[in-house]
Amino acid sequence: MLDPEFDENREDINSSVQRFEKMLNNQEDSFFDIDTLEQIADHYFMQSKFDEALKACDLGLTHFPYTLELIILKAQVLGEIQKPEDAMEIIENAILLFPTDIELILVKGSLLSQMGQHEASVNLFLEALEAYEEKDEVYFRLGLSYVAWFKPREAVDMFKKSLEHNPENENALVELANALDEIGKINESIPFYKNFIDQDPFSFTAWYNLGIAYSKLKKFEKAIDAYEYSLAIEPTFGSSLFNLGNTYMNLKDYEKAEESYKQCLIFDDPNPELFCCLGASLERQKKFDAALTYYKDAVKLDPLWDEGYYGLAVCLTEMDKWFESLHFLKKAIKLNESNPLYWIGLADVEAYLGNTASADEAFQKSIELESFFAPAWVKWAQLHYDLEDFEKSADIMLSAIDELPEEADFYYRSAIFLIKAGQFKEAFHFLESGLILDYDQHVIMFEYFPNLETQKAIFKLIQQYKK
């Protein structure tokens, strides 16, 4: 149950914000005391409405020019809108008036980091450690400076120190996990989360972050447990619901993923990523009409969300609506030319529609973007096989082997295409390599040679390598 005083305060803030916006819209004069203006500016800042926050700060500083809280908040707003130089000027002037204020020093350190002056930022924070009692906050800022300086190992040390001084610093917990992930040691974050939970078992954010760590380690069952503990404490926490859905997607439990995403939609503001994830969970269940609805919602909410157009295309392809699919694939690619999956999808549709030259170009583009995706090579080679251009199919597979030499399937396909091209000696060489790499995959050979006599000859050859 919410604190009645909190409800009343929130109502007062909302009322003040409405009066402030009415003043701006109607260009009216209205009086606000300094505390109210601070609340209004902070309200906008927390909602990332930086233009409005700046107006509230400016109004306050016009009437109360030496209000430290508004000076600091204005500097932070300017930093958020990528104007760190302007923010620094405000902070430097304020330090002349309040030379011992530690908050000004911390903001200055963060601005130095944002401006790329990483060493100066770190040195300033190290000096602040001597004067500031809340050392966990200074160590946290140091960690962020090291992150911006591309020094994740040093950042890890600082975040750990922050947690040593204050195990309840949840921001430090999150950033520690990110930094450990950066250096490939995400597993080291788990003891920190568990220790945090031992001290505060009702911290739903700690359980959530533990779930994130397990997810990154692909320990999906443990991740689900952590997310569900988080939701048992706070059932409306959208981030846990969303990531629970993602975890179920990884486990291919698409019905539960759908359920989690729909719950998230109840408690979180609609956003195109959530709509696309919900669409994908339905698509995997072959509920294409329902999936289309959510993909449409995604692009309606954000017309530049390329994943939404791709989702529409995938569903329409499955529904044999090839021309409509082509339209949305081209739209997705126009927005994002660097996603190889979009080009593979385009190639599949162009090939089905008989536009082999366009399909060939699309497959080539997908390979240029990502040469380690085996299905793209297989589909590209198959395109030319269907055109009875067996030598080209074989050439594509040979290039694929150069990129992915451990893919046994590529050797078998090379052998198939070379046999079809009449290059038997080379074919047997690749068949032998495939049998050595993975004997069981040889069954693909029989799919391409339905003739019984040919199958017998291949079978006889393959038997020589049977273990």
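Step by step: first the residues of the range 248-270, then only those that are over 17 Å from PRO235 (Cα atoms) and modelled with pLDDT of 95 or more, then the one that is surrounded by the most Cβ atoms within 10 Å (Cβ to Cβ). Which residue is that? Walk me through it before giving the result.
At the first step, the residues of the range 248-270 found to be over 17 Å from PRO235 (Cα atoms) are 248-255, 270.
Pick out the ones that are also modelled with pLDDT of 95 or more and you get 248-255.
Working: TYR248: 23, MET249: 20, ASN250: 13, LEU251: 14, LYS252: 8, ASP253: 18, TYR254: 19, GLU255: 12.
My answer is TYR248.
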Test result for ILE91, surrounded by fewer than 15 Cβ atoms within 10 Å (Cβ to Cβ) and touching a helix residue (DSSP H, G or I) at 6+ places or on another chain (Cβ under 8 Å): no
In the range 59-83, residue nearest to the chain's Cα centre (by Cα) [restricted to those that are small (Gly, Ala, Ser) and farther than 11 Å from GLN114 by Cα]: ALA75
Output for the range 88-103, where each listed residue is touching a Phe, Trp or Tyr at 6+ places or on another chain (Cβ under 7 Å) and under 16 Å from PHE140 (Cα atoms): ILE102
Hits in the range 219-257 (condition: of a type in the set (Val, Ile, Thr) and over 14 Å from THR205 (Cβ atoms)): ILE224, THR247
Near pairs, Cβ below 9 angstrom, 6+ apart or cross-chain, from the range 181-202 (among the β-branched types (Val, Ile, Thr)) to any residue that is not in a helix (DSSP H, G or I): ILE186/LEU217; ILE190/LEU217; ILE197/SER203
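The values are calculated or read from the model by the stated rules, or taken from the named source; none is laboratory data. Please read these numbers as outputs of a predicted model, since none were measured by experiment. Please note: Cβ atoms are built from the backbone with ideal geometry, for glycine as well, and neighbour counts cover all protein chains shown.
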